[in-house]
Each structure stands twice: as C-alpha cells, then as structure tokens.
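What follows is a set of notes on a single structure, which appears directly below.
The values are calculated or read from the model by the stated rules, or taken from the named source; none is laboratory data. Bear in mind the structure is a predicted one, so any value in this text is a computation, not a measurement. Glycine also receives a Cβ, built like all others from the backbone with ideal geometry; neighbour counts cover every protein chain displayed. Areas reflect the complete protein model, heavy atoms only, side chains present, ligands, DNA and RNA absent. Shrake-Rupley method; radii C 1.70, N 1.55, O 1.52, S 1.80 Å.
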Amino acid sequence: MNCPTCPSCALQPIALAENLGAHSCTQCNGVFLSAAEYWAWRDQHGPDMPAQPDPVPAPLEAEPARAKQCPFCRHLMLPFRIALDVPFTLDHCGACNGVWFDSGEWASLQ
C-alpha cells in the first residue's frame with residue numbers, strides 16, 4: 001500500500017494501540033486504519049464507553065482541497081467531519097470504509 005499523501009512512499013505496519021494494527025507513512029506520519037481492524041479492536045472493549053458532554057462546535061481548519069486515493073482499494077477518499085468539537089476532517093473511503101489520519105490526527109482523538 002502506498003501513502004495517499006506521499007504516493008511514492010510505502011506504508012509500514014504499526015500498532016496504534018494494544019491489538020489495533022494500522023499502516024503509517026514514514027515520510028508524512030499519516031496513518032491508514034482499516035474498518036475491519038478498528039471494529040475488531042472496538043468489539044474487544046465492549047459497548048461501555050464513558051459518557052462525554054455535548055461538544056461545542058469548533059471551526060474547521062483549512063485543509064487541502066485535493067482528494068486522496070485509498071491506499072487499500074484505490075477508490076477516492078472523501079473528507080468526513082467526525083464530531084462538532086474536532087477541528088479537522090478525516091478522509092474516509094466509501095468503498096472499503098478505511099480512514100486516513102493526517103499526521104497528529106489520531107493522537108489528538110485520544
């Protein structure tokens with residue numbers, strides 16, 4: 001798989017968390033997370049997630065308008081806003097449901 005931001009750079013396997021595998025670009029530090037990996041990891045934690053207060057909407061940061069190509073299935077990825085209090089969008093593939101996190105985006109959600 002090649003990076004959707006740095007097409008000449010191959011993605012390398014990494015662990016985002018215990019039992020959560022993903023692929024990362026060594027050049028831009030972006031991360032690709034497959035839907036299958038995420039849901040398997042999420043199912044290990046069960047449905048009991050801590051309640052969070054309703055977020056205050058945050059303004060979106062300006063992001064490049066260039067569409068990215070999914071590193072897994074090569075379909076176009078579209079920007080997707082995941083929450084009102086998250087000031088960036090994630091790139092989501094509608095074909096395989098994979099998600100691209102630009103550098104620092106995964107860490108900021110933890």
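Restricting attention to the stretch 18-41, the residues that are hydroxyl-bearing (S, T, Y) and assigned to a helix (DSSP H, G or I) total 1.
The residues of the stretch 17-35 that are more than 26 Å from R66 (Cα to Cα) and aliphatic (A, V, I, L, M), listed by number, are A17, L20. Based on this model, can you work out whether V86 counts as at pLDDT below 85 and loosely packed, with under 11 Cβ neighbours inside 10 Å? Considered against the rule, which asks whether it is at pLDDT below 85 and loosely packed, with under 11 Cβ neighbours inside 10 Å, V86 comes out as no. For S8, the conditions (1) outside any strand (DSSP E or B); (2) open to solvent by less than 80 Å² (accessible area, probe 1.4 Å) are fulfilled apart from (2).
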